[in-house]
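Heads up: the structure comes next, in structure tokens.
The values are calculated or read from the model by the stated rules, or taken from the named source; none is laboratory data. From a predicted model like this one, the values you see are computed outputs, not experimental measurements. Neighbour counts run over all protein chains shown; Cβ positions are idealised from the backbone, glycine included. The accessibility values were calculated without ligands, DNA or RNA, using every heavy atom of the protein model including side chains. Shrake-Rupley method; radii C 1.70, N 1.55, O 1.52, S 1.80 Å.
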Amino acid sequence: MLQEGRPVPRVTVRELVGFVARTYPAPMPVAEALALAGLTGLSDRRVDRLSGGQVQRVRFAVALAGNPELIVLDEPTAALDVEARQEFWDAMRGYARRGNTVLFSTHYLEEADAYADRIVVLDAGRVAADGTSEQLKRTVGGGLVSFDLAGGPTGWLDALPGVTSYEIRGDRARLRTADSDATVRALAERDAIRGLEAAPASLNDTFLALTRKSSAPKPLTTLETTR
């Protein structure tokens, strides 16, 4: 599936997908490809008069035309707005639920966290990690603890058990910790701690921890979604 490309002028969505389908020996029915891509209601619209998100769904329908078991995507949601991204991934999930596989590369790690069943991190040509999002997060360990400072001092924060670093955003302290339980217990023993929150390491944190020791060029994250 192409990341981008100029829409074909003066043809409808149905005409374009049907033309591509006829080039394959065992194509997916055009109506089925349109339905999977969420384009049934737009099938008679001209491709060159669609929005960016709609054109991306047309590219998906064109990729489906040959009835493939595997689709490879490169940065599939680049330049799409929030709603268009959601619609696109809904369509991809529908395709994967049929027993097919979607392999995609992305720098939007929140999408990888939400939609990929398996994540492979490649760093300088080597596999730095391979597993589910939760498995990768557990290899790094630790988490984030935050609370309201209420104008108080900050010098005591790095002395808390488990804390490896911290930052202050506005009047809120954000602590990186290797032992969230120990950090939270220590904070609970202090008076006037408000708005205490604890969360596991994010996929962004995990990615940085897995790759920050490398001096190689910026690594590529490759992700695979299956049913």
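Summary of computed values
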| item | result |
| --- | --- |
| Trypsin sites (Lys or Arg not before Pro) restricted to DSSP loop in the range 143-204 with at most 16 other C-beta within 10 Å | 190 |
| Apportionment of accessible area to carbon and sulfur, the chain, percent (1.4 Å) | 51 percent |
| Theoretical FRET efficiency, 1/(1+(r/R0)^6), r = Cβ-Cβ of residue 48 and residue 81, R0 22 Å, to 0.05 | 0.70 |
| Largest to smallest principal axis extent of the C-alpha atoms in the range 144-210, angstrom | 36, 24, 19 |
| Rg over Rh, two decimals, the range 39-93 (C-alpha only, Kirkwood Rh) | 0.94 |
| Principal axis box of the range 1-49, alpha-carbon based, largest edge first, Å | 29, 21, 20 |
| Value of relative contact order over the range 23-126, rounded to a whole percent, pairs C-alpha under 8 Å and six or more apart | 29 percent |
| Accessible area, probe 1.4 Å, largest first, for residues 16, 175 | 16, 175 |
| Gain on full stretching of the segment that runs from residue 24 to residue 189 - 0.36 nm per residue minus C-alpha separation | 52.6 nm |
| Calculated SAXS-style log₁₀ I(q)/I(0) at q = 0.14, 0.16, 0.17 Å⁻¹ - the chain, Debye, Cα scatterers | -0.90, -1.04, -1.11 |
| Between the range 147-190 and the range 33-92, the alpha-carbon center distance in angstrom | 45 Å |
| Fraction in percent of alpha-carbon pairs per bin - 10 Å, the range 1-115 | 14, 50, 31, 4 |
| Accessible solvent surface per residue of the chain, calculated while the other protein chains remain in place, 1.4 angstrom probe, Å² | 55 Å² |
| Distance histogram in 5 Å bins (all Cα pairs of the range 66-179, percent per bin) | 2, 9, 15, 15, 13, 12, 12, 9, 7, 4, 2, 1, 0 |
| Contact order relative to length of the chain, as percent, for alpha carbon pairs under 8 angstrom and 6 or more apart | 22 percent |
| With all protein chains modelled, accessible area of residue 43 [1.4 Å, Å²] | 0 Å² |
| Amide H contacts of residue 46 (H built 1.01 Å from N, under 5 Å, at least 5 apart or other chain) | none |
| Mean Cβ neighbour count within 10 Å, used as a protection proxy, ranking 138-146, 156-164 highest first | 138-146, 156-164 |
| For residue 149, distant residues with modelled amide H under 5 Å away | 172, 173 |
| Local net charge near residue 20, Cβ-Cβ under 15 Å (Lys/Arg +1, Asp/Glu -1) | +2 |
